[in-house]
Amino acid sequence: MSDGDHLDGTHPGRRLAGVYRGKHDAEGVSLTLSLTPGTNGGTLRVENWPTGDYYRAELGATFKGSGTWDVDTPSSPEDHPLVHLHFTEPHDWMSGDTVDRLSVAMDSTRTVLYENSDPDTCPDFRLDVTKTN
């Protein structure tokens, strides 16, 4: 079994590929994660994704874009995996001026991505999977 594999032999990214819809502060946001075979990530597409210097305090302007994603699997079982988003389109904002890391919460029936490193607090910016690829 290689680094980052689950006990069942699958990469974490394979379980994350799908279409996500926003809840709470992320209402109207859409994220599509497509897996690139043989990797722990792939391509992404977003709609109504928040941007701006103050997105954490108040969501500002949104954009439609694309790029790539990968999963950072923690070495400690207490930590949650992180999905890193690397936007290639559009080019009109600075790196760090948008949500580009999402924590993963997953059980046997649902997958949730959220912008918060503490899953014990109710995350305001969360995305629920609606369709798996």
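The values are calculated or read from the model by the stated rules, or taken from the named source; none is laboratory data. This structure is a prediction, so every number in the text was calculated from the model and none was measured. Don't worry about glycine lacking a Cβ; one is built from the backbone with ideal geometry, like all the others, and counts go over all protein chains shown. The accessibility values were calculated without ligands, DNA or RNA, using every heavy atom of the protein model including side chains. Shrake-Rupley method; radii C 1.70, N 1.55, O 1.52, S 1.80 Å.
Return the residue satisfying two criteria in turn: it lies in the stretch 56-78 and is more than 16 Å from the chain's Cα centre (by Cα) and either buried (at least 19 other Cβ atoms within 10 Å of the Cβ) or of a type in the set (S, T, Y) (or both), and of such residues it is modelled with the highest pLDDT. Filtering first and then ranking leaves T62.
Could you list all residues from the stretch 85-102 that are more than 15 Å from S66 (Cβ to Cβ) and at pLDDT 90 or above? Passing the criteria: only L102. Restricted to the stretch 14-39, and to residues there that are within 13 Å of the chain's Cα centre (by Cα) and part of a loop (DSSP other than H, G, I, E, B), the residue that is modelled with the lowest pLDDT is A26. If you go through the stretch 107-133 and pick out every residue that is modelled with pLDDT of 75 or more, open to solvent by 70 Å² or more (accessible area, probe 1.4 Å) and either under 18 Å from G67 (Cβ atoms) or not β-branched (V, I, T) (or both), you end up with 4.
Of all residue pairs spaced 6 or more apart or on separate chains, those with beta-carbon atoms under 9 Å, a first member in the stretch 97-113 that is over 22 Å from T51 (Cβ atoms) and outside any strand (DSSP E or B) and a second member that is at pLDDT 85 or above and open to solvent by 20 Å² or more (accessible area, probe 1.4 Å) are R110/D128; R110/V129.
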